[in-house]
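The values are calculated or read from the model by the stated rules, or taken from the named source; none is laboratory data. Just so it is clear, the model here is predicted, and its values are computed rather than measured. These accessible areas exclude ligands, DNA and RNA; they are computed on the full protein's heavy atoms, side chains included. Shrake-Rupley method; radii C 1.70, N 1.55, O 1.52, S 1.80 Å.
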Amino acid sequence: MALYRITTRKSFNGGMRGSIDAGMSVEISSVMPVMVVGTFAEKINQLFINKYGVDLKAIDALNPEFLNVTKIS
């Protein structure tokens, strides 16, 4: 099982819906490669909600333009 870090690439202000800063990150483990789209999108979004209180889906930042995935182990 591998560990992946998902990091925000840039800052973005979504107004009343929330905002992100460059460098915010969460970790997720998986036996399959993690991508920002598809089955992992909701899991990644929930991790950001739990850790930072920001809903990436609500501010349209749940995509590869705003997020970078790195395998760390």
What per residue convex hull volume, in Å³, comes out for the chain when only alpha-carbon positions are used?
-> 72
Carbon + sulfur, % of accessible area of the chain - ligands and nucleic acids excluded, 1.4 Å | 55
